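Scroll down for the structure; my scribbles are underneath it.
The values are calculated or read from the model by the stated rules, or taken from the named source; none is laboratory data. The model shown is predicted, which means the values in this text are computed figures rather than measured ones. Glycine also receives a Cβ, built like all others from the backbone with ideal geometry; neighbour counts cover every protein chain displayed. The area values use the complete protein model at the heavy-atom level, side chains included, leaving out ligands, DNA and RNA. Shrake-Rupley method; radii C 1.70, N 1.55, O 1.52, S 1.80 Å.
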Amino acid sequence: MKYLPQGAFLVAAAALFIATPRDEAHGQTQCPQGATPGSMACGPDNNGYAGPSGPQLYRKRLDGFGGFAYNIDTGQVYKSSQPGTSIRRSEERAMISCRQPLHDPEWSMTVSPHPDAQCAPILAWQNGCAAVTEGQVNGQRQFFAVKTNSKSSARTRSLQACEQSGATQCTPAHEAHCTKPVNRIYER
């Protein structure tokens, strides 16, 4: 028995592979569950690539913003939070919420040109938690707001800020509130 040199064997194998007709695999990719490929229930063959279907979607990260404002006359504190705006916009929304606490944006998108209350901003923040504490300094109401990473530390630190300032009657003025980034999916 004669043996071919190793290089000749590879050339012969490659020639045999090239000369042999190949059966191309065509599958129907649009068959409902339980249908046999080739049946009338299946869609047309697309050589195994379905391509993109529907609109292209992309994910966008939106930061969470929040704000506190208070009514100068009553001392009541109002909050605002929403994803994807800005610190300035969250402060404005807290002021709107304070000026018109009964305004329902679901009912009417127009804001009254005559605000119901005189308000002032306390704090606006991005991606975190904040709490507001009220205290009396020389007979005047003051608010102490702190932004941290958790509700409990925001409550604790705002109370500490009030007490360290020399204020008396330090009490929470609003429950701690957190904002965080969210992912939203949009169509291109």
Next on the checklist: I'd like to verify a number: residues in the range 73-99 that are open to solvent by 80 Å² or more (accessible area, probe 1.4 Å) and under 20 Å from the mean Cα position of the chain (by Cα), how many?
Outcome noted: 3
Checklist entry - List pairs: first in the range 162-188 and within 10 Å of GLY135 (Cβ to Cβ) and in contact (Cβ under 8 Å) with a residue 60 or more places away in the chain, second of a type in the set (S, T, N, Q) and open to solvent by less than 40 Å² (accessible area, probe 1.4 Å), Cβ under 8 Å, 6+ apart or cross-chain? => result ALA173/THR133
Checklist entry - Within the range 53-72, restricting attention to residues that are closer than 16 Å to PRO121 by Cβ and not β-branched (Val, Ile, Thr), which residue is most open to solvent (accessible area, probe 1.4 Å)? => result TYR70
Checklist outcome for this item: Out of (1) among the small types (Gly, Ala, Ser); (2) touching a residue at least 24 places away in the same chain (Cβ under 8 Å); (3) more than 21 Å from ALA94 (Cα to Cα), the one GLY139 does not meet is (2)
Checklist entry - Would the range 136-155 turn up any residue that is part of a helix (DSSP H, G or I), surrounded by fewer than 19 Cβ atoms within 10 Å (Cβ to Cβ) and touching a Phe, Trp or Tyr at 6+ places or on another chain (Cβ under 6 Å)? => result no
Checklist entry - What is the residue count in the range 158-188 for residues that are open to solvent by less than 80 Å² (accessible area, probe 1.4 Å) and assigned to a strand (DSSP E or B)? => result 10
Next on the checklist: Taking the condition of being part of a loop (DSSP other than H, G, I, E, B) and either among the aliphatic types (A, V, I, L, M) or at pLDDT 80 or above (or both), how many residues in the range 108-130 meet it?
Outcome noted: 5
